[in-house]
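What follows is a short report on a single structure.
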Amino acid sequence: MNFKAIKDEILRSRRIGLSFHASPDGDAIGSALALLNGLRSLGKDAYIISRDVISDNFSFLSLSNEIDGNTLEPKNNTDLVIVLDCGNVDRISADLGNYNGKIINIDHHITNENYGCINYIDIKASATCELAYLLIQELGINLNDKTDLGIAIGSAIYTGILTDTGSFRHSNVTSRTHDITAKLIELGVKNSEIHSNLFDNKPFNKVKLMGSVLSNIELVLDNKVAVLQIPKGMLEDFNLLNTDTSDISSVGLGIKGVEVSMLLKEVKDGVKGSLRSKNNVDVRKIAEVYGGGGHIKAAGVMLKDVDIIAAKEYLLKTLKEEMHL
């Protein structure tokens, strides 16, 4: 598996749209912005397609302002669409229904449905940003010299790897992961500053929201599962409608004896679930039952047209079976 076919498609294309999964995380955002910067340096008319707006803690990344939720489908005369970090068509943060051109699918999820005309799926990659790094190198873009472009691309890639590996603590980290990040730091990427931007930059109200959520945390299924909930209206109360809350789900894993932490967020058309596991529980399987997906230790799901009580019951029932409790 190599990037030659993708490189050839990119080089023969003029206008290229980039998209990713709905509710994009650091890896989706980082891989898209790294490629956006890289493609423009090659003279391509590259742009972001996204119905999502990113949270403020990613605003330090070059061209992040272009993920503004205003371009929902490919523009006229788009030659190519590249979708990053998204396992299935339903989760793409773009409307591709009227687009008849080529789609390239670059991802690291084991559940990827190979929906592209070219599919580059590497489940051993800790993050799609690893693959973006390799593709950018394949395109001949120099990531060895300390240029503004190199720093812009490198910072986006470092962000995606940092967030998808849980700051390098997850088991998806490999020697290649460290090799790439070592090269980025050598390039001049400010790793400590990026970590601070991402994790030490919470609005005061976000900390108060976390306190409110944690004050109602529950332990269920023999105290092996932590349940955190953001009911309808809570985000409005704290004036945090566009804030990423998935990081709150991992807090439950810090509790002794807890194997799975589950954050449920009530939204307009249902409930979003964010699942995290510590050891051997495959939360991806739980998410898949309800149309979601992700990784063994981190997965997401959207349960449509249910309230938070019903969503909790459904997920806990499936978890109970998976954990043999």
Length-normalised contact order of segment 234-323 in % [C-alpha pairs under 8 Å, at least 6 apart]: 22
Overall form of segment 73-231 per C-alpha gyration tensor (a/c, 1.5; a/b vs b/c): oblate
C-alpha center-to-center spacing [segment 259-295, segment 1-38] in angstrom: 27
Protection proxy ranking of 173-185, 283-295 - average other beta-carbon atoms within 10 Å, highest first: 283-295, 173-185
Theoretical FRET efficiency, 1/(1+(r/R0)^6), r = Cβ-Cβ of LYS304 and GLU186, R0 45 Å, to 0.05: 0.45
Over segment 1-60, equivalent-ellipsoid semi-axes from the Cα gyration tensor in Å: 23, 13, 11
Lysines with Cα under 26 Å of LYS317, excluding same-chain neighbours fewer than 8 positions away: LYS224, LYS232, LYS256, LYS265, LYS268, LYS272, LYS278, LYS285, LYS297, LYS304
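Report in % the part of the accessible area of segment 233-325 that belongs to carbon and sulfur, leaving out ligands and nucleic acids; probe 1.4 Å.
Numbers: 2310 of 4580 Å².
On segment 233-325, the fraction of accessible area on carbon and sulfur atoms equals 50 percent.
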Carbon/sulfur fraction of accessible area - segment 1-125, other protein chains in place, 1.4 Å, %: 42
Accessible area expressed per residue, the chain, with surrounding protein chains retained (probe 1.4 Å, Å²): 46
Stretch gain in nm, segment LEU325-ARG12, where the contour uses 0.36 nm per residue and the Cα spacing is subtracted: 107.2 nm
Whole-Hz ³J(HN,Hα) from phi, Karplus 6.51 cos²θ - 1.76 cosθ + 1.60, for segment 135-148, glycine and proline x: 5, 4, 5, 4, 6, x, 7, 6, 10, 9, 8, 7, 9, 4
Relative contact order (percent, whole number), the chain, Cα cutoff 8 Å, 6+ residue spacing: 13
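Using Cα-Cα distances under 8 Å and only pairs 6 or more residues apart, what relative contact order does segment 38-187 have, in percent?
After rounding, I find 18 percent.
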Tensor-based shape of segment 161-217 (alpha-carbon gyration tensor, a/c under 1.5 rounded, otherwise prolate or oblate): oblate
Cross-link reach list, aspartates and glutamates versus LYS75, counting only Cα pairs under 13 Å and skipping chain neighbours closer than eight places: ASP45, ASP95
3J(HN,Hα) from dihedral phi, segment 76-91, Karplus parametrisation 6.51/-1.76/1.60, rounded to Hz, x for glycine, proline: 4, 6, 6, 7, 7, 10, 10, 9, 10, 6, 10, x, 8, 4, 4, 8
Model label zone, LYS4; criterion: amide N under 19 Å from point 7 Å along Cα-to-beta-carbon; scope segment 127-141: 134-141
Spin-label model distance (nm) - LYS124 vs LEU214, 7 Å beyond Cα toward Cβ: 3.9
Per-peptide average of other Cβ atoms within 10 Å, ordering 17-23, 312-318, 6-12 highest first: 17-23, 312-318, 6-12
Three-way shape label, segment 1-158, alpha-carbon gyration tensor, a/c 1.5: rounded
Highest to lowest packing among 158-166, 145-153, scored as the average C-beta count within 10 Å: 158-166, 145-153
Reachable aspartates and glutamates, given that their alpha-carbon falls under 18 Å from the alpha-carbon of LYS146 and they are not under 8 places away in the same chain: ASP179, GLU186, GLU193
ASN239 versus PHE60: modelled label distance in nm, points set 7 Å from Cα along the beta carbon direction: 2.4
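The values are calculated or read from the model by the stated rules, or taken from the named source; none is laboratory data. Since the model is a prediction, treat every value here as computed from it, not as a measurement. When we count neighbours, we look across all protein chains shown, and the Cβ atoms used for this are built from the backbone with ideal geometry, even at glycine. Side chains included, ligands, DNA and RNA excluded: accessible areas come from the protein's heavy atoms. Shrake-Rupley method; radii C 1.70, N 1.55, O 1.52, S 1.80 Å.
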